[in-house]
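This report refers to the structure that appears directly beneath it.
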Amino acid sequence: MRRILILFCAAVLLCSFSACAASPQPAAQDMQILDITQWPENEYTRAIPTPDMGKPVTEIKSGSLYSVTLDGVSRQMCYDYLACLAQNGFQSKFPGRENDVSGGWLYSNGNAVVTVSQSGSRMIIGITFESID
């Protein structure tokens with residue numbers, strides 16, 4: 001399950017950058033991609049702290065996985081959100097990987113599993129209710 005979440009996080013990152021391509025790319029049949037301008041209210045986003053940074057630009061729903069892409073988020077802002085997750089009962093389930101260009105982290109509170117990836121000025125928050133244990 002951990003591998004699936006990491007691959008999903010990477011796929012979401014690729015999908016968010018594909019918006020920069022010259023022509024639209026076809027989405028998977030079960031994947032719904034929407035442009036947004038506000039933080040969405042749904043069962044997934046109610047399960048996590050609402051970020052107080054960045055501008056929501058895309059939401060993706062694919063099966064039991066959901067993600068929101070935020071624009072205008074620095075690495076430090078991402079660290080601040082990770083601290084917010086920890087303060088709200090989420091624990092790191094994967095030590096996180098990062099380099100000068102990007103980073104990715106996995107947190108869970110026993111109910112929701114959250115992947116956070118950050119690259120450039122974008123942060124992607126992936127949410128699922130599937131167990132990773």
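The values are calculated or read from the model by the stated rules, or taken from the named source; none is laboratory data. Note that the structure is a prediction, hence the values are computed from the model and not measured. Glycine gets a Cβ as well: all are built from the backbone with ideal geometry, and neighbour counts include every protein chain shown.
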message: With the requirement that a residue be farther than 20 Å from Leu70 by Cβ and either within 10 Å of the chain's Cα centre (by Cα) or surrounded by 12 or more Cβ atoms within 10 Å (Cβ to Cβ) (or both), what does the stretch 110-133 give you?
response: Phe129, Glu130, Ile132
field: Residue tally, condition small (Gly, Ala, Ser), surrounded by 16 or more Cβ atoms within 10 Å (Cβ to Cβ) and more than 11 Å from the chain's Cα centre (by Cα), over the stretch 51-71
entry: 2
query: exposed (fewer than 12 other Cβ atoms within 10 Å of the Cβ), out of contact with any Gly (no Cβ under 6 Å at 6 or more places or on another chain) and modelled with pLDDT under 95, is that true of Ser23?
result: yes
- request: Please indicate, with yes or no, whether at least one residue in the stretch 76-88 is under 12 Å from the mean Cα position of the chain (by Cα) and not hydroxyl-bearing (Ser, Thr, Tyr).
  value: yes
- request: Being among the basic types (Lys, Arg) and closer than 23 Å to Val57 by Cβ is the filter here, so list the residues in the stretch 85-133 that pass it.
  value: Arg122
